[in-house]
Amino acid sequence: MYCIKCGVELQNGVERCPLCGLRVYHPDLSQNGADPKPYPRYTEGAEKVRRGGLLFVITMLLIIPVLICFLTDLKMNGKVTWSGFAAGGLLICYVSICLPLWFRKNRSVIFFPIAAACAMAVTLYVCLKTDGHWFLSFAFPVGGALILLIETVIVLLRYTTRDRPYRALFIFGGLAIAIGGLCMLIEFLLHITFSLPMQWWCLYPLSVLAVVGLTLIVIGLFPALRESLYRKFFI
Ligand SMILES: [Zn+2]
């Protein structure tokens, strides 16, 4: 059987042509016939998965291994040793991936600092647990600077590029230069914390990132250059 309007082949039992929507009528086939419908009439309602339920299952799936780790560790060593690190890693995964999913709107402006603070707390825990002396003089300033940089980029991208998308070029250009500066800080802090000699390797990434950053900023400054690059590379 074929649709009389568009000619598409129709399965028995359909009421309308799936392509053009024309009502199907065949005098020899009864409309209330025994042919089963080729697809269920209402599918949309049944396919919706409840978000909260799914997230609850994921949360449970993460809590159970943490509990198993703690119990095994306590049974073997009588105190929390390695299970704290495992729990910390899973906590970072949960806060950075699953926590934002509990909320309908994905606001990275808020969730990124939460995940970053959580990662810093776990790092501090690892430092204290391993009797390290590197948190305050290395991990905290480097991690803090990186978190501040990324958060600034997130905020700027969200609030300044809505009607002028090319401003992202300035933001990423600035980010590249700032990461180059961060490399200098990292080398300096490695020197202070771990007594590594200053070899000035930081100047290599700094110079490359400065060139990349300045290029992005120059492209952003000249509308004609932007236009021609856009036409050439669709960026
Ligand atoms: Zn049709």
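The values are calculated or read from the model by the stated rules, or taken from the named source; none is laboratory data. If you're wondering where the values come from, they're calculated on a predicted model, not measured in any experiment. Methodologically, a virtual Cβ is constructed for each residue, glycine included, from the backbone with ideal geometry; neighbour enumeration extends over all protein chains shown.
Residue check: Leu206 meets all listed conditions (1) more than 24 Å from Arg107 (Cα to Cα); (2) in contact (Cβ under 8 Å) with a residue 60 or more places away in the chain; (3) not small (Gly, Ala, Ser) but one, namely (2).
Each row is one residue, and each column tells you yes or no for (1) modelled with pLDDT of 85 or more; (2) farther than 25 Å from Ala119 by Cβ; (3) away from the ligand (no atom under 16 Å from the Cβ); (4) surrounded by 12 or more Cβ atoms within 10 Å (Cβ to Cβ).
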{"position": "Val8", "(1), (2), (3), (4)": "yes, yes, no, yes"}
{"position": "Asp35", "(1), (2), (3), (4)": "no, yes, yes, yes"}
{"position": "Ile58", "(1), (2), (3), (4)": "yes, no, yes, yes"}
{"position": "Val66", "(1), (2), (3), (4)": "yes, no, yes, yes"}
{"position": "Trp82", "(1), (2), (3), (4)": "yes, no, yes, yes"}
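Quick one: how many residues across region 196-224 are touching a helix residue (DSSP H, G or I) at 6+ places or on another chain (Cβ under 6 Å) and surrounded by 13 or more Cβ atoms within 10 Å (Cβ to Cβ)?
Quick first cut of region 196-224, residues touching a helix residue (DSSP H, G or I) at 6+ places or on another chain (Cβ under 6 Å) only: 196, 198, 202, 205-206, 209-210, 212-213, 216-217, 219-220.
Cutting the leftovers down to surrounded by 13 or more Cβ atoms within 10 Å (Cβ to Cβ) gives us 202, 205-206, 209-210, 212-213, 216-217, 219-220.
Looking only at that region, the number is 11.
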